[in-house]
2 protein chains.
Amino acid sequence: MANYLGRIEFPCTIELGRGLEGAITNITKIGFVDGQGGRLIYRGFPIEELCENSWFEEVAYLLMNGRLPKKAEIEQFTDQLRRSSELPEPIMRLIESMPRDAHPMNMLQTAVAALGCYEKSAAAVTHAVSNPASALAGEIEVGIKILAQVRTIGAAVARARLGKPLIKPDPKLSFTGNYLYMMSGERPDEVTERVIDVCMILQADHGMNASTFTAMVVHSCLADMYSTIAAAIGALRGPLHGGANEAALDDLQSIGGPENAKAWVAERMAKGEKIIGFGHRVYKAYDPRATVLKRYAEKLCHQKGMGKIFETAAAVETAVVESMKAAGKPIYPNVDFYSGLVYQAIGFPPPLFPVIFAVSRTSGWVSRVLEYLPENRIFRPRAVYDGPTDMKYTPMAQR
Amino acid sequence: MANYLGRIEFPCTIELGRGLEGAITNITKIGFVDGQGGRLIYRGFPIEELCENSWFEEVAYLLMNGRLPKKAEIEQFTDQLRRSSELPEPIMRLIESMPRDAHPMNMLQTAVAALGCYEKSAAAVTHAVSNPASALAGEIEVGIKILAQVRTIGAAVARARLGKPLIKPDPKLSFTGNYLYMMSGERPDEVTERVIDVCMILQADHGMNASTFTAMVVHSCLADMYSTIAAAIGALRGPLHGGANEAALDDLQSIGGPENAKAWVAERMAKGEKIIGFGHRVYKAYDPRATVLKRYAEKLCHQKGMGKIFETAAAVETAVVESMKAAGKPIYPNVDFYSGLVYQAIGFPPPLFPVIFAVSRTSGWVSRVLEYLPENRIFRPRAVYDGPTDMKYTPMAQR
């Protein structure tokens, strides 16, 4: 059970910590975060296999359908994504009208919620109360559509905050290629597209993280997919979740160089402060996503004249890992520590880091809520009440 | 522990069911759903005490602050709500521009998310990563503001879907009075205002229900209050949560009269179908909110010439309670069974039932997330993975 691998039967006896640590939401075939072994699995495939061989559309298909697609299947899936790429005009106008200093994640949440007002499908699940599974086929269609739409909104948000005109998708480009094209107005070179595509693969799913969990809870009420994904974006907007790579990058920039890393780490630790980008609730070994991203970060940073900040990161890693090992609490960098460097080297502005995360993770959100739908049960934990229960109302004058 | 009353220490051993039944999110002083005793407590006060003596603003103050206000305190609180009642012009235009056939809850979620793009406070918590408690004072201000704003949006949505011009709040009216005024354009009579105010009190908080829980999860990532409340609205939009009273009313209307109730119940039960408006995950006794609402429903329905549907409801209640008792599974009506009748008698259109629920529950959402903030820990349960872990990627041609 320590590994969360295999089957369990409900009800079961568990050890529960704060923040629902140890609680089990459901049994899944979608993905596995192997905390002890430092592995991340999607539908049976170690993440390294997919980063090496696959591409985002195929990974999204895999997550949603449970197996790698045949040629005709991926063609149809890619075509469905393409046909859903454009946004209704009012949504484009809404994104353009937002204040330029709004946080991109607030903009993303607003636009996705607004789509729920325009898409007829948003009302469909309402009628599935007595038989949630009956809504599944329709919901799969909506899931594919919303994945393409969130990507287009993500790019539109990046344009709108710079006051630039929005760009429509180019049907000849890949999912990720289109994302980059609609953001920058330029068709990406092969290396950039591949690096970002790998980042998209790495962030597509990660067990019952807070945003995926939010999507599960909201959809368990049989809310429509737009309400659901808008809610999940709200969670990812939090700096403890989707904003951690931006914060980690801020720290690296403030350190000034690899020669200051050791002292900076020591000072943080002496104050008992958390070092962002290290440790993870689940991983007790090296985060496999960090392994992949570190290689890319090293290569890209040196290419783009950002060698110093990469060396700073490496020095911070060494200092943290060594001093925590000495303290008997081994801790390693997580995905957030190196992903910010990769995005920075590619030229992404930091406030957009959580947006690309959201675009990718939409595939995981959709897959997880659809898997739960046929066995749907509303999530309803309890709080423990520590207070009186029989107080009498006192009139104002007597308070 | 069966009562979820008192204190517990984490980690603790619990019995966990599907849908996180039995899981414990935190220790609270805000409210208690006494499932065995059929009681609902806010900050020590049984709900009946508050329905009898208090009013919505005071109950919202109580939930947020932990005690009944002195005169100067409630005046200041009421003034804060008043000053936050008006929406920025772009939000008003956004609401007016939405398709008239959109679901009101999708409209509400969109407008609340959009406010997060206009309110400077939405970015504030970003900086509280290392010390969440430091954000508390600012978050309380935002919490009061958003309560007033959600109310104004709720009324605006009701107007916009009828194509009517939006109405600005009248500072001389109460919180609930203003809600009704901005919806209908008429200042409500005393009885109507009081009935709706009691409904607002009854729906303000209800333990760790799915929308409150959603708010807790999203805010535990340190997302801003607008992202958080928009997410909670997403959950409440689900027909299993905020839509249940509309569904229950639909059923009552379809039955046709009290003489058909017994046969209708028998047929449903024979098919093994759920009867909406009965039973509750927590209450194993009569839902105390249903007791209050049943009295109002009876009075109002007879006043408004809806006696037949009330009698139908009463006959359904008798039939369900008696046959379930005979089957050894006592079950009672919940809040949803009678609240729809009350709203219908007052003249609320059914698609707006979850909106008034959201306006009221915002007070509970805000109170609960603020209580958790000083001891914040991100919610991160686990799923159990049941699948392979070592698959090799196969080229397309070999699939």
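The values are calculated or read from the model by the stated rules, or taken from the named source; none is laboratory data. All of these numbers come straight from a predicted model, not from anything done at the bench. Every residue, glycine as well, gets a Cβ built from its backbone with ideal geometry; the counts of neighbours run over all protein chains shown.
Some values worked out for this structure:
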item	result
Within the range A:346-369, tally of residues that are of a type in the set (Val, Ile, Thr) and within 12 Å of chain B (Cβ to nearest Cβ)	1
Options B:Lys294, B:Lys262, B:Lys308, B:Lys271; residue that is of a type outside the set (Val, Ile, Thr) and under 26 Å from the mean Cα position of the chain (by Cα)	B:Lys294
Residue list for the range A:257-314, filter: in contact (Cβ under 8 Å) with a residue 12 or more places away in the chain, more than 26 Å from A:Ile41 (Cβ to Cβ) and basic (Lys, Arg)	A:Lys262, A:Lys304, A:Lys308
Enumeration of residues in the range A:278-310 that are closer than 19 Å to A:Ala247 by Cβ and aromatic (Phe, Trp, Tyr)	A:Phe278, A:Tyr283, A:Phe310
Residue count for the range B:370-387, restricted to those that are farther than 30 Å from B:Val195 by Cβ, more than 7 Å from chain A (Cβ to nearest Cβ) and either without any contact (Cβ under 8 Å) to a residue 12 or more places away in the chain or touching a strand residue (DSSP E or B) at 6+ places or on another chain (Cβ under 8 Å) (or both)	2
Residue list for the range A:166-179, filter: touching a residue at least 24 places away in the same chain (Cβ under 8 Å) and either under 18 Å from A:Leu300 (Cα atoms) or not hydrophobic (A, V, I, L, M, F, W, C) (or both)	A:Lys168, A:Pro169, A:Pro171, A:Ser174, A:Thr176, A:Asn178, A:Tyr179
Some residue of the range B:285-296 being in a helix (DSSP H, G or I) and within 14 Å of chain A (Cβ to nearest Cβ)	yes
Matching residues in the range A:64-84 - criterion: being within 12 Å of another protein chain (Cβ to nearest Cβ), in a helix (DSSP H, G or I) and touching a residue at least 12 places away in the same chain (Cβ under 8 Å)	A:Glu73, A:Ile74
Residue tally, condition within 16 Å of A:Asp205 (Cα to Cα) and either without any contact (Cβ under 8 Å) to a residue 40 or more places away in the chain or at the interface with another protein chain (Cβ under 7 Å from one of its Cβ atoms) (or both), over the range A:53-63	4
Tally, over the range B:85-120, of residues that are in a helix (DSSP H, G or I) and buried (at least 18 other Cβ atoms within 10 Å of the Cβ)	19
Failed condition for A:Arg18, given (1) under 18 Å from A:Asn209 (Cβ atoms); (2) more than 7 Å from chain B (Cβ to nearest Cβ); (3) charged (D, E, K, R)	(2)
Unmet criterion (only one of (1) among the basic types (Lys, Arg); (2) touching a helix residue (DSSP H, G or I) at 6+ places or on another chain (Cβ under 7 Å); (3) part of a loop (DSSP other than H, G, I, E, B)) for B:Arg159	(3)
Failed criterion for B:Asp390 (all others in (1) more than 14 Å from chain A (Cβ to nearest Cβ); (2) touching a Pro at 6+ places or on another chain (Cβ under 9 Å) hold)	(1)
Meets criteria (within 23 Å of A:Ala244 (Cα to Cα), modelled with pLDDT under 95, within 25 Å of the chain's Cα centre (by Cα) and at the interface with chain A (Cβ under 7 Å from one of its Cβ atoms)) for B:Ala122	yes
Residues located in the range A:281-312, provided they are touching a strand residue (DSSP E or B) at 6+ places or on another chain (Cβ under 8 Å) and buried (at least 23 other Cβ atoms within 10 Å of the Cβ)	A:Tyr283, A:Asp287, A:Arg289, A:Ala290
Any pair with Cβ under 7 angstrom, 6 or more apart, that starts in the range B:26-52 at a residue that is in a loop (DSSP other than H, G, I, E, B) and ends at one that is of a type in the set (Val, Ile, Thr)	B:Gly35/B:Val282; B:Arg43/B:Ile30; B:Gly44/A:Thr389
Residues of the range B:221-247 that turn out to be touching a Gly at 6+ places or on another chain (Cβ under 7 Å) and in contact (Cβ under 8 Å) with a residue 40 or more places away in the chain, as a count	13
Selection within the range B:328-350 - crowded, with 18+ Cβ neighbours inside 10 Å and part of a helix (DSSP H, G or I)	B:Val335, B:Asp336, B:Phe337, B:Tyr338, B:Ser339, B:Gly340, B:Leu341, B:Val342, B:Tyr343, B:Gln344, B:Ala345, B:Ile346
Hits in the range B:175-220 - residues which are under 30 Å from B:Gly38 (Cβ atoms), in a loop (DSSP other than H, G, I, E, B) and more than 14 Å from every other protein chain (Cβ to nearest Cβ)	B:Gln203, B:Ala204
Any hit, the range A:319-327, residues being in contact with a Leu (Cβ under 7 Å, 6 or more places away or on another chain), more than 14 Å from every other protein chain (Cβ to nearest Cβ), in a helix (DSSP H, G or I) and crowded, with 21+ Cβ neighbours inside 10 Å	no
Looking only at the range B:221-251, and only at residues there that are within 8 Å of another protein chain (Cβ to nearest Cβ), of a type in the set (Gly, Ala, Ser) and more than 27 Å from A:His241 (Cα to Cα), the one that is surrounded by the fewest Cβ atoms within 10 Å (Cβ to Cβ)	B:Ala247
Lone unmet requirement of (1) more than 20 Å from the chain's Cα centre (by Cα); (2) in the same structural domain as A:Ser220 (by TED's automatic domain parsing) for A:Glu48	(1)
Boolean, A:Ile8 is within 9 Å of chain B (Cβ to nearest Cβ) and surrounded by 15 or more Cβ atoms within 10 Å (Cβ to Cβ)	yes
Total residues in the range A:138-164, condition closer than 22 Å to A:Ile201 by Cβ and without any contact (Cβ under 8 Å) to a residue 60 or more places away in the chain	1
Failed item in (1) more than 23 Å from B:His219 (Cα to Cα); (2) more than 20 Å from the chain's Cα centre (by Cα), with B:Gly22 passing the rest	(1)
Among the candidates B:Asn209, B:Asn260, B:Asn178, B:Asn245, residue that is among the polar types (S, T, N, Q) and closer than 21 Å to B:Thr78 by Cβ	B:Asn178
Whichever residue in the range A:181-192 is in contact (Cβ under 8 Å) with a residue 12 or more places away in the chain and aliphatic (A, V, I, L, M) and, among such residues, is farthest from A:Glu75 (Cα to Cα)	A:Met183
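This table checks each residue for (1) of a type in the set (Asp, Glu); (2) at pLDDT 95 or above.
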position	(1), (2)
A:Pro88	no, yes
A:Ser134	no, no
A:Glu139	yes, no
A:Ala155	no, yes
A:Pro171	no, no
A:Thr176	no, yes
